[in-house]
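One structure below.
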Amino acid sequence: MKIVVALDSFKGSISASDACNAVISGIHKCDSNIECIACPISDGGEGFIDSLAAVLQHQGYEIKNIEVLSAYQQQVNAKILVKDESCIIEMAQSCGLELQDISKRRCLHATSYGLGQVVSYALSLGCTDIKIGLGGSATNDGGIGFAQALGAIFYDQNDNKLDHILTAQDLALIAKIDASACLNRFKNVKVVGTCDVANPLIGDNGATYVFGPQKGMKDGDLQLLENAMQNYARVLVKDLKSDFINVSGAGAAGGMGAALMYFCNAQLERGIEVVLDTLDFDQKLQDTNLVIVGEGCMDGQSAKGKAPVGVAAHAKKYNLPVIGLCGCIKDDADILYKHNIDAIFSICNKPMNLQESMQNAYTLLEKISENLSRFFLRFNS
């Protein structure tokens, strides 16, 4: 019996690696002879580096650290993976939502400048093949801080250069952009942004309205910031002579998807596909009997590029059963049954509040995995 355990992190609760270990511990309580393959994954957001590090270090990648500014301009340490000219970066390491206390989040004052510092460091190492995992960001600044750190210059309507570190509230001030110095740095560099969402930069389904509230955007600020983002979008099209505003993923990570395309000539790809390809995931599925996936919450949004559905699509190529584990199952999660997940189980084994479930995620994952293993073995021994 062989089971592939491929869970994403349960945000704010347990890492992808620990979640996989908990599931395997539960399986082995049922039968220690079951072969389990731990494959912690990420859809390109928070945990992107950790999901790839173990495998890539065996391939010669090194972890390097750099101190940069967080979204709220505090010093943080960001990890990257480097091998020769290749580099893998996770935006959440520098500008992550989890780096700021929930009570102090207000993304009008958040900047992506730190991510620009990380990419600048990668360029200084001679990296010419850069993958950037988007997602889990605290920012909604359209990537202006990022571009500024890499040499782009922004001007107001009076042709004054905006010299301070730019945040989302500065989007309304931008009247002209000089991206020449920034673009020159990427002439011979391939940049890929990985994301799990298909949102455009602006509009009802854009970065601000969809993701702003979870980043501390107050209701009264939403229209204000959307208007500012629309101003920025107009200037991008006017001065950079391209229109990526409605490209799928342009609104990822508060508009970083658009920034990567405009300022780095980047391509956007589904994060889970980049991760699975890098991990040679299909090879791990050979001779497998069951695949277990999971994330903190499963709902209709999970069908739109999230890690569990990406894994399930690969598993179904080999006609493998897929079980999903999560903390919360939303009412619209039944759409996932149409996306190759055969059954979904909440790890909560009694009435409990969110804090209790998050604090006990390891034990809860362990217990439900033991029970599921006993049931699965009953019909597959």
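Within region 330-363, work out how many residues are within 28 Å of Asp277 (Cα to Cα) and not in a helix (DSSP H, G or I). The number of residues fulfilling the criteria is 6. Residues that are assigned by TED's automatic domain parsing to the domain that holds Lys316, over 17 Å from Lys306 (Cα atoms) and in contact with a Cys (Cβ under 6 Å, 6 or more places away or on another chain) do not occur anywhere in region 62-83.
Residues considered: Glu269, Glu273, Glu295. Of these, the only one that is in a strand (DSSP E or B) and either free of Cβ contacts under 8 Å to residues at least 40 places away in the same chain or over 21 Å from Ala361 (Cβ atoms) (or both) is Glu269. Any idea which residue in region 230-244 is surrounded by the fewest Cβ atoms within 10 Å (Cβ to Cβ), counting only those that are free of Cβ contacts under 8 Å to residues at least 12 places away in the same chain and part of a loop (DSSP other than H, G, I, E, B)? Top of the filtered list is Lys241. Cβ-Cβ under 6 Å, sequence separation 6+ or interchain: first residue in region 29-45 and among the charged types (D, E, K, R), partner at pLDDT below 90. Which pairs? Final answer for the pair search is Asp43/Asp196; Asp43/Gly271; Asp43/Ile272; Asp43/Lys306; Asp43/Ala307. Scan region 189-229 residue by residue and report those that are in contact (Cβ under 8 Å) with a residue 24 or more places away in the chain and either among the charged types (D, E, K, R) or outside the structural domain of Thr111 (by TED's automatic domain parsing) (or both). Hits for region 189-229 are Lys190, Asp196, Lys215, Lys218, Asp221, Glu226. Residue-level check: of (1) farther than 19 Å from Ile88 by Cα; (2) in the same structural domain as Asn140 (by TED's automatic domain parsing); (3) touching a Leu at 6+ places or on another chain (Cβ under 7 Å), Phe263 misses just (1).
For the criterion of being crowded, with 20+ Cβ neighbours inside 10 Å, within 25 Å of Leu97 (Cα to Cα) and under 25 Å from the mean Cα position of the chain (by Cα), Gly203 fails. Pairing each residue of region 134-159 that is free of Cβ contacts under 8 Å to residues at least 60 places away in the same chain with any residue that is in a loop (DSSP other than H, G, I, E, B) and of a type in the set (Ser, Thr, Tyr), provided the two are 6+ apart or on different chains, yields C-beta distances under 7 Å for Gly145/Thr111; Gly145/Ser112; Gly145/Thr167.
Looking across region 166-220, just one residue is at pLDDT below 90 and on the phi > 0 side of the Ramachandran plot, and that is Gly216.
Annotation note: of Leu201, Leu173, Leu225, Leu183, the sole residue that is over 19 Å from Val247 (Cα atoms) and in contact with a helix residue (DSSP H, G or I) (Cβ under 6 Å, 6 or more places away or on another chain) is Leu225. Scanning region 78-107 for residues that are under 28 Å from Leu171 (Cβ atoms) and in contact with an Asp or Glu (Cβ under 7 Å, 6 or more places away or on another chain) turns up Ala92, Gly96, Glu98.
So is Met298 touching a Phe, Trp or Tyr at 6+ places or on another chain (Cβ under 9 Å) and buried (at least 17 other Cβ atoms within 10 Å of the Cβ) or not? Considered against the rule, which asks whether it is touching a Phe, Trp or Tyr at 6+ places or on another chain (Cβ under 9 Å) and buried (at least 17 other Cβ atoms within 10 Å of the Cβ), Met298 comes out as no.
The values are calculated or read from the model by the stated rules, or taken from the named source; none is laboratory data. These numbers come from a predicted model, not from an experiment. Positions of Cβ are backbone-derived with ideal geometry, glycine not excepted, and every protein chain shown enters the neighbour counts.
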